[in-house]
Amino acid sequence: MIPKPPPRHGNQQGSLSARDKRIFQLYEEDLGLRFGERTVAGYCGHVRAFLAWLSSRGLDLHEVRSGDLDAYQTALYARRKSDGKPYSTGAHANQLTAVKSLFRFLYRRAFVLTDPAASLPMPRLEQRLPRVILTKQEAARILEAPDKRTPLGLRDRAILEVLYATGIRASELVKLAVEDIDTEDRLLRVVLGKGNKDRVVPLTHLAARAIERYLVRGRPKLVGSVRSSALFVGPEGGRLQRGRLSAIVKEWAKEAHVKKPVTCHTFRHSVATHLLKGRADIRHIQRLLGHSSLSTTERYTRVEVQDLKEVIARAHPRGR
């Protein structure tokens, strides 16, 4: 067990001070100005766990030193899941990233004089290859699966075409408004995407045509008398929810007899891989996907290298 350091001040163990509660509220508000709901919820959950750990040791935020953070990091690595297995390196990194962001906020707002988390080491993450990549044939079968004679079929065809044309994130797709689409110039505008960044990406001819058909023959019937600015709507006319979007993708993948576990993110991985194989510049792919760091996009080059290794193993005289 990790020994508990003795409290340095008079805070009762197990309860946050009123000051720390107020600071947490300000931190949450600050996150909300810069990130989406899911990111804010994730960061706040990790910070709450950290504050609970501090409280159990009788510490307030302004008392935290680098040694306390080292002890917290050790405690994280010692934790186990309900099945006894350790948490992944990625999970540890997410928790520590949230703690670092909290102390950056405290230092920026002058709640603390120094940032004790500035030198906190982060676990080294393994750059994993995307788990599921569709072939071009599998992607085509899924895109062509919806029945274009029905309003929902027209909507789903447009959704799938947009996912495969742009690699847009699920959270970005459900927030699309009708005015974010320009089918004449074949452009799609992502407003406040990940990191609260805007970007404009091109649509393929087929994606633009699918959206036009949906806007003319599908969406009006789904919306009815409901006033909505959302591009993709549900049967009752309201904005399509993310959970329903995921179900739509899985349903059409099953209908197309694709046995891989297909999600919205699968299309994101697949379009990046297919563009790279088509000799697209990696920086163009970075811009399309909205990656802030080129290193995130570069993992797709490893997919191509893996393909090359398989070709060598199959075709080289000494590769078998």
Screening L163, L188, L154, L173 for residues that are in the same structural domain as T204 (by TED's automatic domain parsing), free of Cβ contacts under 8 Å to residues at least 40 places away in the same chain and buried (at least 20 other Cβ atoms within 10 Å of the Cβ) leaves only L188
Those residues of the stretch 50-95 which are touching a strand residue (DSSP E or B) at 6+ places or on another chain (Cβ under 9 Å) and either part of a loop (DSSP other than H, G, I, E, B) or basic (K, R) (or both) amount to R79, R80, Y87
Note to self: Given the criteria among the β-branched types (V, I, T), surrounded by fewer than 21 Cβ atoms within 10 Å (Cβ to Cβ) and modelled with pLDDT under 90, does T89 qualify?
What the structure shows: yes
Of R38, R48, R80, R104, the only residue that is outside the structural domain of V262 (by TED's automatic domain parsing), surrounded by fewer than 13 Cβ atoms within 10 Å (Cβ to Cβ), under 30 Å from K197 (Cα atoms) and of a type in the set (D, E, K, R) is R38
Being among the basic types (K, R) and within 16 Å of R104 (Cβ to Cβ) narrows R34, R48 down to just R34
Exception for D185 within (1) in a loop (DSSP other than H, G, I, E, B); (2) under 20 Å from V216 (Cα atoms); (3) in contact with a Phe, Trp or Tyr (Cβ under 8 Å, 6 or more places away or on another chain) falls at (3)
Is it true that some residue in the stretch 222-244 is more than 24 Å from the chain's Cα centre (by Cα) and basic (K, R)? yes
message = Among the residues that make up the stretch 243-265, is at least one of them in the same structural domain as K148 (by TED's automatic domain parsing), free of Cβ contacts under 8 Å to residues at least 40 places away in the same chain and over 21 Å from I142 (Cα atoms)?
response = no
Of all helices (runs of 4 or more DSSP H) fully inside the stretch 198-266, the set with 2 or more residues that are under 17 Å from L173 (Cα atoms) is 205-213, 242-255
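Do you know which of the residues in the stretch 4-14 that are farther than 21 Å from Q73 by Cβ and exposed (fewer than 13 other Cβ atoms within 10 Å of the Cβ) is modelled with the highest pLDDT?
Within the stretch 4-14, the match that is modelled with the highest pLDDT is G14.
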If you go through L152, L96, the only one that is of a type in the set (A, V, I, L, M) and under 30 Å from Q241 (Cβ atoms) is L152
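Going by the conditions given, is R155 basic (K, R) and in a loop (DSSP other than H, G, I, E, B)?
So R155 does not fit the description; no.
The values are calculated or read from the model by the stated rules, or taken from the named source; none is laboratory data. On a predicted model such as this, the values are computed, not experimentally measured, just so you know. A quick note on method: Cβ atoms are made from the backbone with ideal geometry, for glycine too, and the neighbour counts reach across all protein chains shown.
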